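Structure first, then comments.
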């Protein structure tokens with residue numbers, strides 16, 4: 001008889017992510033699933049997601065046990081996979097991560113991956129995830145694997161790889177976002193588009209891609225102009241570096257110093273705008289008033305909770321459809337000795353030439369007969385390869401600082417960040433932010 005497995009969702013109380021991942025897993029019929037464990041520290045949200053997932057199990061006629069817990073050890077016991085999506089400190093911390101650097105002239109278009117925002121989110125998230133990983137080493141399945149979805153992606157994956165022996169695979173949907181953007185702008189059906197890319201998470205570049213019946217492989221200037229018209233930042237990246245840039249432009253914009261500036265309306269001229277924090281009082285008079293994006297996020301989240309309650313309480317069947325995420329496909333391929341093409345965040349080891357082996361990068365990969373293999377990519381143009389290498393080194397510093405509480409190393413990571421103008425700014429921004437997060441970060445930061 002084939003073995004059935006336990007899968008744990010860490011951060012399952014997220015009414016969007018928790019419910020979406022759980023439904024995807026249940027709809028993946030070739031996944032040998034025995035138990036689905038929902039873990040979160042927010043008991044109220046967790047109960048709501050548990051009720052929805054239990055309803056879905058009954059509707060699908062599955063023999064899957066659903067458990068909800070706020071106990072970390074219980075959550076990872078016997079787990080073959082844990083899926084991690086957390087945000088320690090929540091939206092209040094995210095807002096600080098963006099607003100405080102504003103006072104020093106640092107503008108982050110997202111603030112969750114690189115720069116002060118990426119550093120601080122990493123310092124908050126990594127200790128929690130390392131704790132879970134070490135518990136998983138002790139009480140999880142002998143072949144346990146972490147599928148890591150939290151930001152900042154590369155620093156967290158690097159830290160977990162250093163701190164534990166549990167295999168870590170990071171997954172992001174940036175490449176799929178790009179495929180959707182290409183479909184939306186060109187009118188080509190998304191099923192006829194396949195992008196292969198590599199680089200840093202949220203700062204990666206096409207190796208080649210299929211767009212309808214055409215293949216693009218370095219001839220990026222031949223991509224339909226309607227795409228570049230809609231996304232001027234991508235055209236600028238092509239002109240500067242000779243690359244086809246992946247992701248929504250607000251992500252790659254914060255890896256370089258010239259996009260998030262007052263002169264280009266804080267990114268608006270490039271097709272995006274600063275988020276999620278509120279622009280500082282000094283600048284408000286110069287910018288159209290708007291609701292801060294993080295407040296919109298929280299309002300939206302409240303609406304989603306109410307909608308989820310309605311679905312759970314109705315006697316009508318749930319409309320269950322699989323999302324575009326590939327997490328369930330990956331797990332099924334690994335467990336059933338199947339095949340799967342996917343982009344993953346793992347150590348480089350030569351997949352991207354010219355970038356150091358230990359760099360944690362987003363890479364194309366292929367699962368063949370249940371084993372994951374890196375796909376070798378072509379050499380990036382020198383100017384962008386240098387940036388990818390620099391960013392990877394910065395993010396390794398973030399990982400090491402989070403693991404050790406090394407204040408000097410954390411500040412050094414800001415010193416080499418493209419958005420931070422000088423050491424004095426790096427020092428001041430770090431000192432102001434770290435004081436807000438004493439309860440979350442390594443205690444040695446305050447020795």
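The values are calculated or read from the model by the stated rules, or taken from the named source; none is laboratory data. Quick caveat, the model's predicted, so the values are computed rather than measured. Cβ coordinates were reconstructed from backbone atoms using ideal geometry, including for glycine residues, and neighbour counts include every protein chain displayed.
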Boolean, residue 48 is outside any loop (DSSP other than H, G, I, E, B), in contact (Cβ under 8 Å) with a residue 40 or more places away in the chain, closer than 22 Å to residue 310 by Cα and in contact with a helix residue (DSSP H, G or I) (Cβ under 9 Å, 6 or more places away or on another chain) | yes
Considering each of 36, 9 in turn, give the residue that is modelled with pLDDT of 95 or more, more than 19 Å from residue 317 (Cβ to Cβ) and within 18 Å of the chain's Cα centre (by Cα).
-> 9
Can you confirm whether the stretch 209-222 contains a residue that is more than 18 Å from the chain's Cα centre (by Cα) and crowded, with 22+ Cβ neighbours inside 10 Å?
-> yes
Answer with yes or no whether residue 166 is over 15 Å from the mean Cα position of the chain (by Cα), closer than 21 Å to residue 342 by Cβ, in contact (Cβ under 8 Å) with a residue 60 or more places away in the chain and not in a helix (DSSP H, G or I).
-> no
Of the conditions (1) within 23 Å of residue 14 (Cβ to Cβ); (2) at pLDDT 95 or above, the single one that residue 95 does not satisfy is (2)
Might you check whether a residue that is touching a residue at least 40 places away in the same chain (Cβ under 8 Å), under 25 Å from residue 326 (Cβ atoms) and in contact with a helix residue (DSSP H, G or I) (Cβ under 8 Å, 6 or more places away or on another chain) occurs anywhere in the stretch 88-109?
-> no
Quick check: anything in the stretch 335-353 over 29 Å from residue 181 (Cβ atoms), at pLDDT 95 or above and part of a helix (DSSP H, G or I)?
-> yes
Do you know which of the residues in the stretch 32-45 that are touching a helix residue (DSSP H, G or I) at 6+ places or on another chain (Cβ under 8 Å) and surrounded by fewer than 22 Cβ atoms within 10 Å (Cβ to Cβ) is nearest to residue 323 (Cα to Cα)?
-> 32
Scan the stretch 189-219 residue by residue and report those that are touching a strand residue (DSSP E or B) at 6+ places or on another chain (Cβ under 6 Å), within 16 Å of residue 249 (Cα to Cα) and not in a strand (DSSP E or B).
-> 201
Given the conditions (1) without any contact (Cβ under 8 Å) to a residue 24 or more places away in the chain; (2) touching a helix residue (DSSP H, G or I) at 6+ places or on another chain (Cβ under 7 Å); (3) under 20 Å from residue 358 (Cβ atoms), report the number of the one that residue 183 does not fulfil.
-> (3)
Which residues, taken from the stretch 373-392, are crowded, with 17+ Cβ neighbours inside 10 Å and under 20 Å from the mean Cα position of the chain (by Cα)?
-> 374, 387, 388, 389, 391, 392
Taking the residues in the stretch 57-79 that are part of a helix (DSSP H, G or I) and either modelled with pLDDT under 95 or in contact with a helix residue (DSSP H, G or I) (Cβ under 7 Å, 6 or more places away or on another chain) (or both) as candidates, determine which candidate is surrounded by the most Cβ atoms within 10 Å (Cβ to Cβ).
-> 76
